[in-house]
């Protein structure tokens, strides 16, 4: 990158705001694995969670703060002393800790949600920043619902919190209301009108309700924002957040437009995208920019001819620059332990102990007997089963027999293990998958409601593993279960059992809502 480019700080909030997608809540172990991938990706700031929201989130923030050495680690906190102190405690071992405190500043939020006057909000914001600044050197302040905040009040709050010690000011488009021209211009006006704006970095955090999160973020960058808050795959509540990969590659691809550069290792984008998709159970749509399966595919004959003659005719980025080339190495049944271990290391996958690695290798060999070529996508699914699928196995699948014939009700017979004992269960259903789920429920009695069932082919070919996602809801709590197998019915059973097991996991509690 050119030396005269200003640095654009990439603030990744996949582990905090991204986790607020229904069903995307992660365990401490899952968060730590994603955090290590984000460190390898070289994001500047990892927002690890909302420390005060639950014991599980506190433990996750603490673990990430202890493990990450090459990124700032941040915890969200409301403008409440207890929240801020809890965040500081979780971040105590971080190399570069940041407390991110926020309060709503729009008229509608102040009146109906907070039931506070503007004067009270201003006073609480100042007090929170002062408390945080006494605990850590790096404090970020966010004006929740900033895009609908009255301009004069926004400037008053920002000037006051900068004076109190905040060195990053975030103006979020919390509800995705912003429009690129207006939103970017607003950021520029704020920077120009706040007297002490030169003492802070201005940040944006945009939601995608109107499909404008990335456009709004980039417009803000053109008007002076030097931090963008974003998530892998655009993960986030409702329609999601600004997509990290799209922002980074837009800046990288159009240096003629954007006067900034990032320190991101773009070759890690696709591996990180796949990891987040696997951990959360949210598949990436095929036509998703940068990381979708079709992002660099060309079906049109005219396009194919052009690309073959000169790649730049229809490709503005190289696939290998975002990590696609690193995912084409194929393993097979003749591949040994050394090749298997080396490939996992390249993918950034590690195990806490040798026993888990051995189990993964056995699973790899079993899979190699079923399909001729094993790709990185297969390894990600296989390893996730080992690392996370069995951490709380209240129920597990031992064997199953499913019969489906034309003119007859499908029938499923399963052997399930619960608390060390094997149980035989059977049920008919409207289809083979329905029969499998009904058979499981005869033992589990989970009381859940099935919200989503989806099947995604992990790789190409008729011998591809099917990755099944099952979303269950119980008492307002939503989880995504995943299962992968070359047999779709086995994968479905695994996914359903995984979801039930996750509901029994105490540290998989959905975080509080933030900015």
Inset, instruction - Report yes if some residue within region 210-217 is modelled with pLDDT of 95 or more, surrounded by fewer than 20 Cβ atoms within 10 Å (Cβ to Cβ), over 11 Å from the mean Cα position of the chain (by Cα) and over 20 Å from residue 19 (Cβ atoms); otherwise report no. - result: yes
Inset, instruction - Only residues that are surrounded by fewer than 23 Cβ atoms within 10 Å (Cβ to Cβ) and within 17 Å of residue 94 (Cβ to Cβ): list them for region 43-61, please. - result: 44, 58, 59
Legend entry - Residue count, region 230-270 (criterion: under 20 Å from residue 16 (Cα atoms) and part of a helix (DSSP H, G or I)): 9
Legend entry - Every residue from region 344-360 that is modelled with pLDDT under 80 and crowded, with 16+ Cβ neighbours inside 10 Å: 347, 348, 349, 351
Inset, instruction - Scan region 173-196 and give yes if some residue there is at pLDDT 95 or above and in a strand (DSSP E or B), otherwise no. - result: yes
Inset, instruction - Looking for whichever is crowded, with 18+ Cβ neighbours inside 10 Å and assigned by TED's automatic domain parsing to the domain that holds residue 467 here; the options are 409, 418, 439. Which one fits? - result: 439
Inset, instruction - Quick one: count up the residues across region 325-341 that are assigned to a helix (DSSP H, G or I) and at pLDDT 75 or above. - result: 5
Inset, instruction - Just give me the residues in region 192-207 being buried (at least 18 other Cβ atoms within 10 Å of the Cβ) and touching a helix residue (DSSP H, G or I) at 6+ places or on another chain (Cβ under 8 Å), in sequence order. - result: 194, 197, 200, 202, 204, 206, 207
Inset, instruction - Sort through 143, 122 and tell me the only one that's surrounded by 21 or more Cβ atoms within 10 Å (Cβ to Cβ), modelled with pLDDT of 95 or more and either in contact with a helix residue (DSSP H, G or I) (Cβ under 9 Å, 6 or more places away or on another chain) or part of a loop (DSSP other than H, G, I, E, B) (or both). - result: 143
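Condition check ((1) modelled with pLDDT of 90 or more; (2) more than 24 Å from the chain's Cα centre (by Cα); (3) closer than 23 Å to residue 22 by Cα; (4) part of a helix (DSSP H, G or I)) across all residues:
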position	(1), (2), (3), (4)
409	yes, yes, no, no
414	yes, yes, no, no
422	yes, yes, no, no
426	yes, yes, no, no
436	yes, yes, no, yes
500	yes, no, yes, yes
506	no, no, yes, no
509	no, no, yes, no
Inset, instruction - Check region 100-108 and report whether any residue there is part of a helix (DSSP H, G or I) and modelled with pLDDT of 95 or more. - result: yes
Inset, instruction - Identify all residues within region 442-461 that are within 29 Å of the chain's Cα centre (by Cα) and surrounded by fewer than 13 Cβ atoms within 10 Å (Cβ to Cβ); write none if there are none. - result: 447, 449, 460, 461
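The values are calculated or read from the model by the stated rules, or taken from the named source; none is laboratory data. Please read these numbers as outputs of a predicted model, since none were measured by experiment. Note: ideal-geometry Cβ built from the backbone for every residue, glycine included; neighbour counts use all protein chains shown.
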